[in-house]
Structure formats: structure tokens, C-alpha cells
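Notes for the one structure printed next.
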Amino acid sequence: MMAPHYAQAAQRLEPRVRLLKVDTERAQDVAARFAIRSIPTLALFRGGREIARQAGAMDAGRIAAWVESQL
């Protein structure tokens, strides 16, 4: 449901910010490492450290605005 919005936000934010998706069913170790308990969960990292987290679906504009507000 959120995939097209995520792709649009990724295009808007490149090259300054890179958005990546993780399949938490296939990469359960990653989900556990970052304590991902709900899907979708957006986590923002800078310099290898998590600086913000947001759970729940958002449209492309809200994703981009959330990222921008955290930088």
C-alpha cells in the first residue's frame, strides 16, 4: 500500500538522502537488531546512528516532510 509513495519520496530526496527497504520477513535478524515491531516503520540514520523513527503508513509528501524535518 505504501510502496508507490515510498518510491516517490525516494526520488524526491535523492541524492541527499537515500531510502532503503528491508524485507523484515526475510531479514528477521535486521528486524530484531533494530527492534522493528510494526510495519511499516521508517527509521532515519545519520552516520550509522538512528536519529528518528516513525511507524505507520504515510504518503510521499509526508515521508519527505518527515525526513526533512529530522535533518
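Just the number please: accessible area per residue for the chain, 1.4 Å probe, all protein chains included, in Å². Kindly include the intermediate steps, with their values, before the conclusion.
Working: 5260 Å² over 71 residues.
Computed with neighbouring chains in place, this is 74 Å² per residue.
Cα axis of helix 60-70 to longest principal axis of the chain: angle in degrees, 0 to 90, nearest 10?
80 degrees
Averaged across orientations, what area in nm² does the convex hull of the alpha carbons in the chain project?
Seen from a random direction, the Cα hull of the chain projects 4.7 nm² on average.
Tell me, in nm to one decimal, what length is gained between A7 and Q70 on full extension, where the rule is 0.36 nm per residue of separation less the Cα-Cα distance? All intermediate terms of the calculation are to be shown ahead of the outcome.
Details: separation 63, 0.36 × 63 = 22.68 nm, distance 1.92 nm.
Extending this stretch completely gives an extra 20.8 nm.
Points 7 angstrom from Cα along the Cβ direction at R46 and A32: gap in nanometres?
The modelled label-to-label distance comes out at 3.1 nm.
Top mean-square fluctuation among A27, A43, A60, Gaussian network model of the chain, C-alpha springs under 10 Å?
Judging by the Gaussian network model, the answer is A27.
Taking amide H positions as placed 1.01 Å from N in the peptide plane, with prolines and chain starts having none, which residues 5 or more places from L42, or on another chain, fall under 5 Å of its amide H?
Q54, A55, G56
Calculate how steeply helix 3-13 sits against the longest principal axis of the alpha-carbon atoms of the chain, using the helix alpha-carbon long axis, and give the answer as 0 to 90 degrees to the nearest 10.
That works out to roughly 60 degrees.
The values are calculated or read from the model by the stated rules, or taken from the named source; none is laboratory data. All figures in this text were calculated on a predicted structure; none of them were measured in a lab. Every residue, glycine as well, gets a Cβ built from its backbone with ideal geometry; the counts of neighbours run over all protein chains shown. Accessible surface is based on the protein model in full, side chains and every heavy atom, while ligands, DNA and RNA are left aside. Shrake-Rupley method; radii C 1.70, N 1.55, O 1.52, S 1.80 Å.
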